[in-house]
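Working notes, beginning with the structure itself.
FYI, it's all coordinate maths here, none of it is from the lab. Owing to the predicted nature of the structure, the values given are computational and were not obtained by experimental measurement. Reconstructed Cβ throughout: ideal geometry from the backbone, glycine too, with neighbour counts over all protein chains shown.
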Amino acid sequence: MKQSSKGSSRAVSPVQVLALLMTGIAVAGFFYLLHLRREFDSEVHLRVDAAANMKAADVAAWRGERLADAEVLAAGIKHTPLLLHILHGEATPLEQAQAREWLGILRTQYRYASVTLVGLRGEVLLSVGQTFEDAQQLQAWIARMGDTSGIAYSAPEAVASRRAPLLSANIVLRSLQGEKLGYLLLGIEPENYLFPTLRDWVGAGQTGELLLVRREGDSVLFLNSTRLRPGSALTVRQPLSKTELPSVRAVLGESGSIDGMDYRGAAVVAAACLVPGSDWYVVAKMDRSEALAPELRATIQFSIQLAVLMLLSGALVWLILRRQSGRFYLEKYRSEIERNRLLSMYNSLSRHANDAILVFERDGRIIEVNDRAVEMFGYSREEMLAMRIPQLKPDQHADDFERVMKVVEERKSVVFETANRRKDGRSFPTEVSSSEILVDDHCVYQSILRDISERKLAEQQIQRLNHLYAVLSRCNAAIARARSEDELFHEVCRIAVESGGFHVSWVGQVDPETSMVLPLAKNGPAAAYLDEVRIETGSGPLSSGPTGACIREGRAVASADFDTDPHMTPWRETAARYGLRSSICLPVSRRGRTAYVLGLYSSEPGFFCAEEIDLAEEVGESLSLALARIDLERDRERAERDRLLAQERLEFALDAANEGYWDWDIEKDQRFLSPRFCTMLGYQPGELASDYATWREVTHPDDRARLDNEQESLKSGRISSTSVEFRARHKDGHYVWILGSAKVVGLNDAGRPRRIVGSRVDITQRKFLEQQVLQSQKLESVGRLAGSVAHDFNNHLTVINGYSGLLQQEAAPGSVLAESLNQIHEAGERAAALTRQLLAFSRKEIEHCEALNPNSVIEGLQKMLSRLMGENVILHLDLDPEAGFVMVDATHLEQILMNLAINARDAISRSGHVHIRTAKVILEGNEAWPNRSGPHLELTVTDDGSGMTPEVLQHIFEPFFTTKDRTHGTGLGLSTVYGIVERSAGFLDVESETGRGSSFHIYLPSIPDPEGATAGLSHSRDGLMGHETVLVVEDDESVRGIAVGILKHYGYQVLQAANGGDALAMQNRFEGRIDLVISDLMMPGMSGTELVQHLQCANPQLKVLYVSGYAGESIRKEEFLSTGARFVPKPYTPETLLRVVRELLSNPGTGRVEPAV
């Protein structure tokens, strides 16, 4: 550096000059050495600290990636029934072989040394690869894990045939409900995958070394091998008392730069960093002698130069002392020469420094530069001395000069980072140390510049790798959560943009019709780029880009710079508008083929280097694995649905067949019972134990021996199948009939039964129906007898009631004769009611509904009901006068009252009361009777007897169900009442409580009061008179006689015949017109209906009235409809016969079949 000196008017002592010169040289040298040492020390510590931090991040990312992979595998195991069976100890050998094959595929794909599935007690359930030999050590290891997943080292002796450490990713396996199932141990070769990362330290020199340590008790354990002791991983320990060791100070909590002594006792420059998420520490160290060797060389060189300078100075003093007599100016001249030479040497030292040095004025004008500055900026020395500092700045940093100068003037020195520009226009980052210095009382400024481009590139690469590690880690977590492709693709794209800083992230699929790649999911600030471009996979320019090549070739394809990549020509302009400069396309496989493409776009050129591409490929592989897991889960769910559907169909089929089935594995003594097997006995599925002892216990005692014999015969192999009927006890205590079938379906090697299956069918209903059929056959026989008796009996009653009715009309009212005739008539009516009951019992009665006042019917039965109640039961009637009329068969209504009254009487053990009530009610539909509304008659029969249990109430309307013994009931009473009420459009409600009696409520629809309907309806004599011609056909002479007598008595012209043939002959002989024929339905030779057909052929206008004491099945409603006839049952009264005859003859149209009484 050039300097100018001021002249002096007075002579200066040579000793003073020498002292000042040597002091200046010594001070300058001292400060320069301090600055040199500070710079070297800062650079060494920065390099060591950066190495520790970078490797700690690498190890943390590696750990996170391994744990994420393991969590994905663990999540898959949760949904894999095969491995769940193994964890529960239920797997078959075939399932174990399949699981071992699957784990082997995972081990190969993820490059694990081993994959081990361990139970809760530490037992190895399944292992692939290198296995554990020391079971106790493994169990202790599992015990230390507890409920926490993580990565840990295993000792070399714990693994078969190993003498090297093995890392293990240890995952706690839990069910979907959080229950701990076991452990998954994933063995990793640290020598192949972790230690190379620690050995790869650029600039490590001869003694540089990266150590991975952790605290273990009162010592530090070295997890990797030291440089001087290969294969020493997990064998080197140092006590915590050696605090001079950087590794000890690291595990005690110190971080950053840690200088001290290493395990060899050598002084080292070191730095430590905790591996995030673990108890591991990365210690980077280098021998201080090697680290500071450049400083020592520079110091020695500089010291030699200082020594030479000082020797020369001493020589100069000696010359000056010897030549003091020389002239003053000559000495001054020589001193100036020496000074310039010294300054030249100083300039030489500065010029050849490793950093660029610039000396400039306050206005920025450069006055001196060293060689390194010329080399760094690319200008010649002369060019730089003609420039100002701002000219070396990029345009965006041109204003930084004034800002920095103000800080320098205030603080005298400052260190900062900035950007500078080379002669070729390229910018580069620099670290600048600027300070203010005085030269000959003149203030100038010096800046020492260091090019930190490589450091910035390393930092950027670390940042990119960290972003990609974050993307990979979060993607693995998203993969474990995703349940569908759409959710997975959108989540991965979002993570790539948020964590990776990509401008565009998208997943595409080829449209087979157009060969275009269409986005399925996309994200990022420049995602609209995909809407403007067309990408194809066929041939042509639009297929030449990374996306098309990726899909066609099934490999990752990257474009380092869109501006220079010829394959990006079709999309270059659009990408430039969105600020996109580089990309990578990753194939995503599904079911063995490239099904999708994952595209990542960056705004930085050259973003995807080798390491970035490797990490991006892992993202694509993870995505492919996730799709495989989704497909596997869907296949499993589909198979499970098919299995459940098949099982459900089987259960439905068996339920429809009222069958339960069982399966008995004799060798394992395992039994399976279907749900129906339990529910047919009233138990919930699983409530009934599956062992034979339980089933034998519920079997009726009388049937157990027979069941035991069949069971033993099957088990011993004497028979191969059987079928047996027996009784089993229902949960509520009653017994049901069961048809049990069983068959041997498997034999062991000895030929004995190994497996038996069977079914159980509830045949109680069949048994009941068999009894019912038997009872019905009995009733049918009784019915035939009752029908024939009722027919003959009705003929006699017709005569009795007919003549008594005629005599009543002639007898004086109130006379003894009239009273006697009334008694005869009432007895006849009661006998007629009895015959109707016989016909109803035998189901041979013709139902004839009419408008009835129920109060009249009840009052008419009061005497009979009172007699039925007996002496100890009191009958009470509470009849509503406004109850109204109902449309019902009178006989059926009487039968309802009789049956309910008898049941009420039988429910009273000693003495009590029976109440019969009628009322008119207005019903509104409710949940019980949604279709029952409007006016109804409510008929209630209540007793204060023993009441019924809820179980009995459920069966009271079932045919043949009775709580009485066989001598007092048939079980048909209430079922008959129920049937009559249902046929009459009514319904019933029953209330009963044990010990408090029962109430039967019968509801029948009310009808408007019929015109002229009153109790005891009658016609006047004149209204019943007639003059028409009536033909009476009756095979019973007495019945024919009373009919003829009644009609003649009331003015009709009557013809009579004993059978059909006589009637036809009578018609042919009679010259007049016959208006009405009254015919018995059942006659010898020709029935009444056949006779009418012949008569109406000659006289179509002939009116017809059928009479019969027993219609049975010989009369059908359609026959009446076709003839327009009426029907009157025997026995009938004169009034009834005359009223119907008069109605028929007075009606000009045809009638229809309807009973008349």
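Note that the range 732-741 has calculated 3J(HN,Hα) couplings of 7, x, 7, 9, 10, 8, 10, 9, x, 10 Hz, one per residue in order, obtained from phi through the Karplus relation 6.51 cos²θ - 1.76 cosθ + 1.60 (θ = phi - 60°); glycine and proline are x.
Between the range 570-611 and the range 973-994, what's the alpha-carbon centroid distance in Å? Between the Cα centre of the range 570-611 and that of the range 973-994, the gap is 82 Å. With a ≥ b ≥ c taken as the square roots of the eigenvalues of the C-alpha gyration tensor of the range 658-770, please select rounded if a/c is under 1.5 and otherwise prolate if a/b is larger than b/c or oblate if it is not? Prolate, because a/c is 1.5 or more and a/b exceeds b/c. Label the range 457-635 by shape, choosing from rounded, prolate and oblate, from the square roots a ≥ b ≥ c of the eigenvalues of the Cα gyration tensor; if a/c is under 1.5 it is rounded, and otherwise prolate applies when a/b is larger than b/c, oblate when it is not. The shape class here is oblate. When each of the peptides 407-413, 1076-1082 is scored by the mean number of other C-beta atoms lying within 10 Å of its residues, the order from highest to lowest reads 1076-1082, 407-413. By the beta-carbon count within 10 Å of each Cβ, the least crowded to most crowded order of 866, 434, 716, fewest first, is 716, 866, 434. From least to most packed, judged by other beta carbons within 10 angstrom and beginning with the fewest, 798, 940, 108 follow the order 108, 940, 798. Taking other Cβ atoms within 10 Å as a rough exposure proxy, 668, 863 sort from fewest to most as 668, 863. How would you classify the range 362-451 from its alpha-carbon gyration tensor, with a ≥ b ≥ c the square roots of the eigenvalues: rounded for a/c under 1.5, else prolate if a/b is greater than b/c, otherwise oblate? Oblate. Could you tell me the center-to-center distance, by alpha carbons, between the range 366-419 and the range 480-547 in angstrom? Cα centres, the range 366-419 to the range 480-547: 47 Å.
Put the Cα centre of the range 659-727 next to the Cα centre of the range 246-315 and the gap is 86 Å.
Extension gain, residue 252 to residue 876, is 214.4 nm, computed as 0.36 nm per intervening residue step minus the present C-alpha separation. A protection proxy built from the mean count of other Cβ atoms within 10 Å ranks the segments 564-570, 808-814, most packed first, as 564-570, 808-814. In this structure the amide hydrogen of residue 367, modeled in the peptide plane, comes within under 5 Å of the amide hydrogens of 359, 360, 361, none closer than 5 places in sequence on its chain.
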